[in-house]
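Data block below; observations after.
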Amino acid sequence: MAPVTRFLRSTSVRLALGYAAIFVLSSSLLVVLVWWRTVGYLEQETDAVILADAQAIGDRLHDFGLPGAIETINQRIAAPSDEYAIYFLGDPTLAHIAGNLKAWPIELGHAPGWHEIELEHNGNLHATRILYVRLSNGFNLLVGRDIQDRVNIRRQVLSSLGWGAAAALLLAIMGGFLVRRSVLARVDAINRTASAIVRGDLSQRVPVRGSSDEFDQLARTINGMLQQIGVLIEGVRNASNAVAHDLRTPLAELRGRLEGLLLTRPPSETTFRELEDAVASLDRLIEVFNALLRLAEIDSGARLAGFSTVQLGRVVNEVAGFYEAVAEEKGVALTTSATAGIAVTGDPFLLAQAIGNLVDNAVKFSPPRTSVTLKLERDSEHASVTVSDQGPGIPDSEKGRVTERFYRGNASSDASGIGLGLSVAAAVARLHGGSLTLTDGNPGLIARLIFPAVERMSDPAPSPEHIETPTRS
């Protein structure tokens, strides 16, 4: 887990710095956008005033000659609102004729158009926006505005933007590392739990803070997985013990029987009877292994790929038809009630296996002249298959264990079977997203398989050839 932790630490550092950079960049873009919109508006206003003045002076020169242009310039200079206005009217040699600018600015050059230069004002150089226009008869006109205040504001904004970006970067980095610290604390808790589990302590669980955030959801998922792993490991341990216990006796008996045949060399008739008994014992062992393989296949989810929409009423009717003869032979009345149009998503053979195991147990443990009821119902979201009998039932102390592999309660100690019927039924229910519940029938037992239902469908006639022989339990 150490490389994973190092990777997460380096990744969290990069994420913290990346989030900081994104935060600073987005903040800077926002400020620049506001500044650009504001300054752009001010520049447009300034340029519009300068352009209007230049147009007015040019028109006066055209209509009233040089005196009209000079009069207009003097009026503009005298106006209180134009204290930052700059005017210069020069002859073709750039000599001064009118205006508050006494000489042609050397740095301006001789190119008409917009210019930004620095001019002396009250002993200081001020930024100035100037429009140079060539008028008729060779006259040269400069109209401008002092924009030093705007330049100072720009410098202040840029300086504030720089300091703000630095502060935002620092705060973003601090916030990123705080988030990193919090995230790594949760990751370290998961890492410690995983390390303890790797060392063999399966009782460890990831701590949950109760905040219902993503880490809590991940912790609950991991804890649920660990709980299921513990159940599976305990099931494997119990199954191994049960297999060793259940197989040792029949194998020892089989060996003793065959060894006796070798030693005593009995007549042919006796030998054949013993061989028949040996084959029956081997069939029972093969049945155990087949049931275990079927359980392993169900638990692994290998049958999920073959899931389809199954008409559950059809499966129930097929199971009932398969067990009618068995129940009649024992003197048990098997009645079936299946609501039409109930469908689930699943494997029809596994569903028949689970339902058949419940019916097989009910018939097997029911006394003669009693009844077994097989019923299919549906509510708004679930389909339920209920098998009720009038047998001895299952004590409350054993209900939690009867779905364990090879577990055989007191009531079933004298009955045939291998103790895997209810295990298979419960495993099939889990595979289909459902459950198996066992309740008292007073008398008897009520076993109920519950599955998520899908939309209602038409229920065709049953086809008994599709039934799969259930495991005798």
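FYI, it's all coordinate maths here, none of it is from the lab. Just so it is clear, the model here is predicted, and its values are computed rather than measured. Heads up, the Cβs are rebuilt from the backbone with ideal geometry, glycines too, and the neighbour counts pull from every protein chain shown.
Length gain on complete extension for the stretch Ala185 to Ser136, per 0.36 nm per residue less the alpha carbon to alpha carbon distance?
Value of the extension gain: 9.6 nm.
Enter the Cα centre distance for the pair the stretch 200-236 and the stretch 32-82, rounded to the nearest angstrom.
Comparing the Cα centres of the stretch 200-236 and the stretch 32-82, I get a distance of 78 Å.
How high is the FRET efficiency between Leu282 and Phe349 when r is their beta carbon distance and R₀ equals 35 Å, given to the nearest 0.05?
Calculated transfer efficiency: 0.85.
What order do you get for 340-353, 29-42, 210-223 when each peptide is scored by the mean count of other beta carbon atoms within 10 Å, highest first?
340-353, 210-223, 29-42
For the stretch 54-152, run through the chymotrypsin sites (Phe, Trp or Tyr not before Pro) and keep only the ones in DSSP coil with at most 16 other Cβ atoms within 10 Å of their Cβ.
Here the sparse-neighbourhood loop sites are Tyr84.
Ratio of Rg to Rh for the stretch 57-125, alpha carbon only, Kirkwood?
0.97
Based on the alpha-carbon set only, what is the convex hull volume of the stretch 68-198 divided per residue, in Å³?
For the stretch 68-198, the hull spanned by Cα atoms encloses 177 Å³ per residue.
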